[in-house]
1. Would you mind ranking 269, 166, 58 by Cβ crowding within 10 Å, fewest neighbours first?
2. How would you rank 248, 131, going from fewest to most other Cβ atoms within 10 Å of each one's own Cβ?
3. For the stretch 1-46, what is the Kirkwood hydrodynamic radius in Å, using each pair of distinct C-alpha atoms?
4. Pull up the cross-link candidates among the lysines for residue 85, meaning alpha carbon to alpha carbon under 16 Å and not fewer than 8 places away within one chain.
5. Beyond a 27 Å Cα-Cα separation, which of these cross-linked pairs lie in this structure: 242/263; 242/271; 3/271; 236/282?
6. 7 Å from Cα along Cα→Cβ at both residue 234 and residue 82: what's the point-to-point distance in nm?
Amino acid sequence: MLKSMTGFGRAEQSIGKKTFLVEIKSLNGKQFEILLKLPALLKAYEFDIRNMLSEKLIRGSVDCTITLKQNGAAKPVVINTELAKSYYQQLAELAEKLQLDTSSILSSLLKLPEVVVPSTEIMEEEEWNAFRGVVDEAISNIDKHRVNEGAVLEQDLKKRIDNIRIQQEKVIVLEPLRQQKIREGLVKLLEENVGKDNFDTNRLEQEMIYYIEKIDISEEQVRLKNHCDYFETLLKENGEAKGKKLSFILQEIGREINTTGAKAYDASIQKCVVLMKDELEKAKEQVLNVL
């Protein structure tokens, strides 16, 4: 089973006179990176929230926004009355000297620095424990989304590997024909340049054996098959974070395909190699999204 790094989850719940909304979205990333936006009330618990997200989501670029809605008599802000009085006295005196209307002083007063400040209210332990459940619910929802996305990725990756296998089977069929073509080509070249009876056929056979061994691709095909087998086995295994392992295996698959192409010296095999590379690149793009 695969999980994608892409997903979205949200949860909303009222706790006492407060309503919390937690929204989490994630995209692919090499490591775990988080952008956390939370109200002042939860600043003291920021480290705990980050730990909850990193332990459950493991990897990816995560954007988590926590919104607080105040209900009833709850006070999201506090008015500093003593400071407001001080400001008012000075503003009133200034307005009197300048003979200005004082009816709009209140609206101006509320905009002055530190007259209206965020509430210093601290979340109680009981509220915090209840809030953890809201975060867990949002994480659970994004996890379900990741599982669904992962199932689509798994099917696509399996398809890419199957297509590579199809081209490899064609290469295996073409390999004996390639050797025969090489031998016939060398014989024809010698006959045209030095004459049919002017070269040593035994020496030719020795050189052919040496040359064929140098461009033999049978080992590459064995390793390529083993890597494809391991890739599909890993897809079926239990576990969450498999993206990096799958990426490493694709690198090994690519190495065998490239070596096959370098040794091929055959247009038909080169065509198969190009098609395998195309499928490999598509698989690499998809693996970037796997957790």
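1. 166, 58, 269
2. Numbers: 248 12, 131 22.
Neighbour counts put them in this order, fewest first: 248, 131.
3. The Cα-based Kirkwood calculation yields 13.0 Å.
4. Here the lysines satisfying the reach criterion relative to residue 85 are 111.
5. Pairs exceeding the cut-off: 242/263; 242/271; 3/271.
6. Distance between label points: 6.5 nm.
Each value in this text was obtained by applying a stated rule to the coordinates, not by laboratory testing. This structure is a prediction, so every number in the text was calculated from the model and none was measured. Positions of Cβ are backbone-derived with ideal geometry, glycine not excepted, and every protein chain shown enters the neighbour counts.
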